[in-house]
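See structure below.
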Amino acid sequence: MSGVVREPDGVPRCPWGMESPQMADYRAYHDTEWGRPVHGDDALFERMTLEAFQSGLSWLTILRRRTGFRAAFAGFRIPEVARFTDADAERLLADPGIIRNRAKIAATLANAEVAAALAPGELDGLIWSYAPDRAARPVPRTVDEVPPVTPESTALAKDLKKRGFRFVGPTTAYAMMQACGLVNDHLADCHVRRAVETAAR
């Protein structure tokens with residue numbers, strides 16, 4: 001199943017929401033969040049962090065722990081996370097509510113420090129400056145037509161790395177662009193694609 005699928009409710013959706021017995025989690029995320037524009041430094045810092053933690057894991061694993069991540073990382077409020085200490089890092093390594101990966105935790109704390117040094121709204125402006133021209137992008141009809149990386153995500157990852165951000169390679173950067181609505185990679189016949197396009201007019 002690489003094109004849209006119709007679930008019992010008759011609504012056409014991208015097929016990745018059907019990949020797990022816990023498809024309700026995917027369905028809610030697919031229908032209400034993925035591909036819809038996200039703005040705000042803290043909100044984008046959260047998505048950047050979650051995408052980095054997702055690397056090598058299923059997105060369902062992250063969704064199940066999202067509440068735990070928010071509690072552990074002070075709601076992803078950048079100034080607060082930037083003040084985390086070595087003791088906080090050790091606390092996070094012992095927190096079963098998140099993914100206890102030392103390198104990713106260290107990267108998150110370092111990223112918060114970098115983000116905190118930016119002017120208010122600068123992280124938002126930086127990330128969104130790499131949004132491609134939607135009109136020039138082909139509309140995918142199957143998941144095979146959705147790229148894992150693009151020139152824009154490669155350039156964004158390079159810019160973020162130059163500024164000191166960690167764990168945001170081109171593939172992770174593109175996943176963040178998809179999740180935050182910089183691109184609309186819902187398939188052509190997906191009901192959310194039409195909703196996102198209508199909202200953008």
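Just so you know, all these numbers are worked out from the coordinates, no wet-lab data involved. In this text, all values refer to a predicted model and were calculated from it rather than measured experimentally. When we count neighbours, we look across all protein chains shown, and the Cβ atoms used for this are built from the backbone with ideal geometry, even at glycine.
Electrostatic bookkeeping for Phe76 treats Lys and Arg as +1 and Asp and Glu as -1; over the other residues with beta carbon under 13 Å from its beta carbon, the sum is -1. Each Lys and Arg adds +1 at its Cβ and each Asp and Glu adds -1 at its Cβ; summed about the Cα centre, the chain shows a dipole of about 140 debye. By definition, a body whose alpha carbon gyration tensor gives a ≥ b ≥ c is oblate when a/c is 1.5 or more and a/b is not larger than b/c, and region 86-149 fits this oblate description. From the square roots a ≥ b ≥ c of the eigenvalues of the alpha-carbon gyration tensor of region 20-123, which class results: rounded (a/c under 1.5), prolate (a/b over b/c), or oblate? Taking the square roots of the gyration eigenvalues as a ≥ b ≥ c, region 20-123 is oblate.
In terms of packing, defined here as the mean over residues of other Cβ atoms within 10 angstrom, the peptides 62-70, 178-186 line up highest first as 178-186, 62-70.
Computed packing ranks the peptides 30-36, 146-152, 168-174 as 168-174, 30-36, 146-152, most packed first, by mean other Cβ atoms within 10 Å. The dipole here belongs to region 75-150: it is taken about the Cα centre, uses +1 on the Cβ of Lys and Arg and -1 on the Cβ of Asp and Glu, and is about 180 debye. A dipole drawn for the chain from +1 and -1 charges on Cβ atoms has a positive end, and of His39, Ala188, Ser153 the residue lying farthest that way is Ser153. If only the Cβ of Lys and Arg carry +1 and only the Cβ of Asp and Glu carry -1, the dipole of region 27-145 around its Cα centre is close to 440 debye. With the simple spin-label model, which puts each label point 7 Å out from Cα in the Cβ direction, the Thr61 to Ala119 separation comes to 4.0 nm. Summing +1 for each Lys or Arg and -1 for each Asp or Glu among the other residues whose beta-carbon sits under 13 angstrom from that of Pro147 gives -3. Classify region 76-195 from the C-alpha gyration tensor, please: rounded if a/c falls under 1.5, else prolate or oblate depending on whether a/b exceeds b/c. Prolate. Considering only Ser129, Ala94, Ala116, the residue lying farthest towards the positive end of the dipole of region 39-183 is Ala94, judged by Cα position with unit charges set on Cβ.
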